[in-house]
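The values are calculated or read from the model by the stated rules, or taken from the named source; none is laboratory data. Keep in mind that what you see is a predicted model, and the values were worked out from it rather than measured. Using ideal geometry, Cβ is built from the backbone for each residue, glycine included, and neighbour counts are taken over all protein chains shown. Just so you know, the surface numbers come from the protein's heavy atoms only, side chains and all, with ligands and any DNA or RNA stripped out. Shrake-Rupley method; radii C 1.70, N 1.55, O 1.52, S 1.80 Å.
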Amino acid sequence: MKRASSGGLRLRRPPWQGRLARVWCGGALLLLCVALPLVAACSSSTTQKPPAQAAYKIKHIIIIMQENRSFDTYFGTYPGADGIPMQNGVPTVCVPNPKTGACDKPYHNPNDVNGGGPHGQANATADIDGGKMDGFIGEAEKGRRGCTDPNNPACTNSTVPDVMGWHDAREIPNYWAYAQNFVLQDHMFEPNASWSLPEHLFMVSAWSAKCSRPGDPMSCTNALQSPAQLGKKGKGQTPDYAWTDLTYLMYKFNVSWAYYLDQGTQPDCADDQESCTPQPQKVNVPEIWNPLPYFDTVRQDGQLGNIQPVENYLTAAKNGTLPDVSWVVPNGADSEHPPASISRGQAYVTQLINAAMQGPEWNSTAIFLSWDDWGGFYDHVVPPNVDENGYGLRVPGLVISPYAKRGYIDHQTLSFDAYLKFIEDDFMGGQRLDPKTDGRPDPRPDVRENVSILGNLLNDFDFSQPPRPPLVLPQYPAPGSASIPGT
């Protein structure tokens, strides 16, 4: 038996039913009533042949989304990765410091708590600076200090900017151990060039928008910085996310899901305000890191109960009752969002991964771990432009699975859109969040899962290998070895 996503119980379906037995052909759903590996029944610009091996072997996808770290901050000196440019162990890049007039190089930062920098849409544009990647220190210097909530995206949480600092296995040994034993993605970009709320909207819907008429998807327009009037509910402006999100397709295809929330406080101010009192983060309180309650489709499909406390995730992992798709979102203290502790965030993530590894469903699980935006920290890679929304800056990405390639560095261009693409391919026969074929039109500017530059997460797996045993790590590990920059 398996818990249904809306509560209660349902029989666990055989591997061909509901997953491989559904194929989209030009917008029409075909039901294949045979227990055979899937063969492409048709082709179109919005569908592709689903990965039969993945669909048989990956029955549980877990997306763990942490906060506010660039790739260079965590893996800039990881051997073989596209890290900080070095010569003889010394960085060859620097960023102007408008306060001192110097050009500051990246450096090792041993501190467990960092300050970071402001990370809204305007800050992303300034940090990238037309491809010069030289605005990080200037933006951090201009960031607000002494905010009522020091976690909001307009703030700098240190007296002296530390955005050029990097960490390695001395501070984050478990993250480096996952990279060494599984897959590290060194060209993973946040899907939007902005802050947390738009990113979390992209994570579940591949779009960030604002809708002028409640319940009308066609009234939604692109909104990268301010997708909703969060925090203004007292003025009668309750946000309404009327466009189509992934849970709509999941409901149609009988794909179970849960959005597991680490309750506590949220880190960012609502609507990117410059100061605010820290807000509660609870499963029944729609907020920046918990946007699904505002989606029309979630309410209409009766799936608000799928938004659950993270303790339910730990129980489900232990009992073998994880849904098909799990999103796991931290609270402010566990998030690594400055000024939160790095070691506490790593311990929280390790607990989540250990729970999946030690549970009975490990052999059918894929874990995708990333950080939602760059948090103002330095990165040297220029983000590619795919549309007016992004991509944003580069963030770390890890793939952890019994079928993940060992010690593999994935150089494909990726964004969180690849997570949606993998879910759609694995469980829904390649159907996309495409207004032309998904049965619920909205005016999104493009189908992000079909962008030609986007890589495929299938490349990170080897389904011919026997499932690898778990790598259970200590929650509070001893520091690892120093990296050798430039190797």
> Taking the Cα centre of region 350-413 as the origin and placing charges on Cβ (Lys, Arg +1; Asp, Glu -1), which of Gln358, Phe368, Gly392 is farthest toward the positive end of the dipole?
Replying inline: Gln358
>> Please report the accessible area of Arg145 (heavy atoms, 1.4 Å probe, ligands and nucleic acids excluded) in Å², nearest 10.
In response: 100
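Could you compute the FRET efficiency for Lys99 and Gln300, with r as their C-beta to C-beta distance and R0 at 35 Å, rounded to 0.05?
Working: r = 52 Å, r/R0 = 1.50.
In this case the efficiency is close to 0.10.
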>> What FRET efficiency comes out for Arg468 versus His108 if R0 is 41 angstrom and r is the Cβ-Cβ distance? Round to the nearest 0.05.
In response: 0.80
>> Which residue, Phe416, Ala482, Pro435, has the largest displacement toward the positive end of the dipole of region 364-487 when charges sit on each Cβ (Lys, Arg +1; Asp, Glu -1)?
In response: Ala482
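Shape call for region 96-216 from the C-alpha gyration tensor, a ≥ b ≥ c root eigenvalues: rounded (a/c under 1.5), prolate (a/b greater than b/c) or oblate? Mind showing how you got there, number by number?
On the way: a/c = 1.81, a/b = 1.20, b/c = 1.50.
Oblate is the answer for region 96-216, as a/c is 1.5 or above yet b/c matches or exceeds a/b.
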>> Tell me the per residue accessible area of region 336-487 using a 1.4 Å probe; a whole number in Å² is fine.
In response: 31
> Put a dot 7 Å past each Cα toward the Cβ at Asn181 and Asn450; how far apart are the dots in nm?
Replying inline: 4.0
>> Given a 1.4 angstrom probe, I'd like the percentage of the accessible area of region 298-450 that is carbon and sulfur, rounded to a whole number.
In response: 47
> Dipole magnitude of region 440-487 about its Cα centre, charges +1 at Lys/Arg Cβ and -1 at Asp/Glu Cβ only, in debye to the nearest 20?
Replying inline: 100
>> Give me the dipole magnitude in Debye, nearest 20, for region 98-201 about the Cα centre, with unit charges on the beta carbon: positive for Lys and Arg, negative for Asp and Glu.
In response: 240
